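Trainee: Submitted below is the structure of interest, expressed as structure tokens.
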């Protein structure tokens, strides 16, 4: 009863049914494609294998792109249709997005690394998409502290000071998020857009040692760099263990020894001090000497 009441009050009443269908389609698509690739890898006889066109392996990302394009065009063309039509198209869009993001590592590295270490990038991309969509579904957005429930409310609001406050708040959010992301704290910057106090905390704390901020600010300050390295190893180790365990569970290689070994390998590989910023280049302009005027050479007359 409570779930139904929550669904009616939070999702349906606020017009978030299409977003909920998008999230549902995304989750179902991701689970189905992960089950499919696991069965294909185990070479289960009764499960159809990879789709091929001659000798070319058609990745499921291709079908995802087709679904995203088709449903996206439908959403644009039928945006005034009933909620049922829009929700169905949103579900198809979520299904296609799951197929695309499941092979995000292929797009990023421009090679098939699905079962390799770099393939975990796809799982990270899926987690980010799920987190953002879930927060939007729950009603959170970058301006929620100002009690603006809809962008249309902002456009129709005649109060100029309130508009200026909203714009200033949004710009401050973007600036702090840029600082936090420059410090290498991607998840803090992402969630901080919805919970601004996280941005203040992330902006004030030490940068991750390999981030651009550390390159700019810690290159000549070895004490801060050492503190950043110690802090990174202390706090990142349990998080990386949990992340690799979940990634291995989804990718098909859950093993405790592998989790411990992969954690230390990732710590060694990723927690390195950023190289110092190159010194500014000063261009010294040499004074230009005026060419001495020479008398004209005599012309031989014949």
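Here, each number is a calculation from the coordinates, and none is a lab measurement. Model, not experiment: these values are computed from the prediction. We place every Cβ from the backbone using ideal geometry, glycine too, and count neighbours over all the protein chains shown.
Trainee: Work out how much length residue 233 to residue 246 would gain on full extension: take 0.36 nm times their residue separation and subtract the Cα-Cα distance, in nm to one decimal. Walk me through the intermediate numbers first.
Mentor: Working: separation 13, 0.36 × 13 = 4.68 nm, distance 1.98 nm.
That pair, residue 233 and residue 246, stretches by 2.7 nm at full extension.
Trainee: With the Cα gyration tensor of the stretch 1-72 giving a ≥ b ≥ c as the square roots of its eigenvalues, does the rule (a/c under 1.5 for rounded; else a/b larger than b/c for prolate; else oblate) give rounded, prolate or oblate? Present the calculation step by step, with values, prior to reporting the outcome.
Mentor: Values: a/c = 5.85, a/b = 2.08, b/c = 2.82.
It is oblate, given that a/c is not under 1.5 and a/b is not larger than b/c.
Trainee: On a C-alpha basis, how far is the centre of the stretch 207-258 from the centre of the stretch 64-141 in Å? Whole number, if you could?
Mentor: 28 Å
Trainee: Using the count of nearby Cβ atoms within 10 Å as a rough guide to exposure, how do 216, 46 rank from fewest to most? Let's see the in-between values first.
Mentor: Working: 216 13, 46 5.
With the sparsest Cβ surroundings first, the list reads 46, 216.
Trainee: Fewest Cβ neighbours within 10 Å first, please rank 108, 218 accordingly. Each step should come with its number before you reach the end.
Mentor: Working: 108 13, 218 24.
In order of increasing Cβ crowding within 10 Å: 108, 218.
Trainee: While we're looking at this one, here's another question. Could you work out how far apart the two model spin labels at residue 56 and residue 112 are, taking each label as a point 7 Å from the Cα in the direction of the beta carbon, and quote it in nm?
Mentor: The modelled label-to-label distance comes out at 1.4 nm.
Trainee: Give the order of 102, 83, 9 when sorted by the count of other beta carbons within 10 angstrom, beginning with the fewest.
Mentor: Final ranking by Cβ density, sparse to dense: 9, 83, 102.
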